[in-house]
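Novice: Quick one: the structure is below, and I'll ask about it shortly.
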Amino acid sequence: MTGEQPPRRRDAAATREAILAAAAVEFTEHGYDRAGVRQIAERAGVTAMMINRYFGSKQGLFAETVDRCFEPPTVVGTQRDDLTQSMARSLAERTAPGAERLDPFLLMLRSASDPEAAGIVRRGIEAHVGARLAGLIGGSEADVRAQLGLALAAGTWLLRTVVGVGALAAADDDRLAQLLADMLEPVTGQARVPGSGA
């Protein structure tokens, strides 16, 4: 006996998770075009061949990464009660200076110039956050109203966080939440409760 341990078996679920986590970082930081499979593999501690084995291609990996980024509730929660106020508050707080960045929006922004990637992002938005918001809104034209709400969220995030336009970047979070709630009311069909603060 040499005393050598047999090589540890790689855990497939953990490997997939490591690749997806690495891909989320690379695609968010560099966009679809500039993120390389080799860089993703290196960050995940695997080979590029492993990525192809698990996801088939860079495009397949990107599609799963988009699903992973847009599936969890961020600005749009899961409850109809207080929908207008919770969206407004969440958007104001998550775009405030020093707040944790909204990776799904950054992923969308940095990948939108590639038509193939833009199609994947569009499907991810529609299947996850768009469908969730439309389901919460309900009623006639729920899809278009939900997408208008998402346009307001994306525009607020872009101008306040990425571009940093003066008045919006400096706005008080509570006041901004009130203004956003007023804008979201026609979209959600849910009036703000007077005195709720948002």
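The values are calculated or read from the model by the stated rules, or taken from the named source; none is laboratory data. What you see is a predicted model, and the numbers here were worked out from it, not measured in a lab. Methodologically, a virtual Cβ is constructed for each residue, glycine included, from the backbone with ideal geometry; neighbour enumeration extends over all protein chains shown. Side chains are part of the model used for accessible areas, which takes the heavy atoms of the whole protein and leaves out ligands, DNA and RNA. Shrake-Rupley method; radii C 1.70, N 1.55, O 1.52, S 1.80 Å.
Novice: Beta carbons within 10 angstrom, averaged per residue: use that to sort the peptides 139-146, 60-67, highest first.
Specialist: 60-67, 139-146
Novice: How far, in nm, would the chain grow between Asp81 and Asp174 when pulled straight, counting 0.36 nm per residue and subtracting the alpha carbon separation? Write down the numbers at each step before the final one.
Specialist: Numbers: separation 93, 0.36 × 93 = 33.48 nm, distance 1.96 nm.
Here the segment from Asp81 to Asp174 would lengthen by 31.5 nm.
Novice: Let me ask you something else. Remind me, relative contact order of the chain in percent, using alpha carbon pairs under 8 angstrom and six or more residues apart?
Specialist: Contact order relative to length: 22 percent.
Novice: Looking at the chain as a GNM with Cα springs under 10 Å, which of Arg175, Arg110, Arg94 has the largest mean-square fluctuation?
Specialist: Largest GNM mean-square fluctuation: Arg175.
Novice: Tell me the accessible surface of Arg132 in square angstrom (1.4 angstrom probe, heavy atoms of protein chains only), to the nearest ten.
Specialist: Its accessible surface works out to 50 Å², give or take rounding.
Novice: Loop-only check: which GluC sites (Glu not before Pro) in region 82-133 are DSSP coil with at most 15 other Cβ within 10 angstrom?
Specialist: Glu100
Novice: Another one. Hey, rough spin-label estimate for Val144 and Glu29, points 7 angstrom out along Cα→Cβ, what's it come to in nanometres?
Specialist: Here the modelled spin labels are 4.2 nm apart.
Novice: Quick one: grab the alpha carbon gyration tensor of region 71-128, order the square roots of its eigenvalues as a ≥ b ≥ c, and give me rounded if a/c is under 1.5, else prolate or oblate depending on whether a/b is larger than b/c.
Specialist: oblate
Novice: What is the percent carbon and sulfur in the accessible area of the chain, measuring with a 1.4 Å probe over the protein chains and ignoring ligands? Numbers along the way, then the final one.
Specialist: Values: 5710 of 10820 Å².
Reported share for carbon and sulfur atoms: 53 percent.
Novice: Something else: Given only helices, namely DSSP H runs of n ≥ 4 each adding -39500 (n - 2.57), what is the per-residue ellipticity at 222 nm of the chain, to the nearest 500 deg cm²/dmol? Intermediate results must be reported in sequence, preceding the final value.
Specialist: Working: 11 runs with 128 residues, N = 198.
Value at 222 nm, helices only, nearest 500: -20000 deg cm²/dmol.
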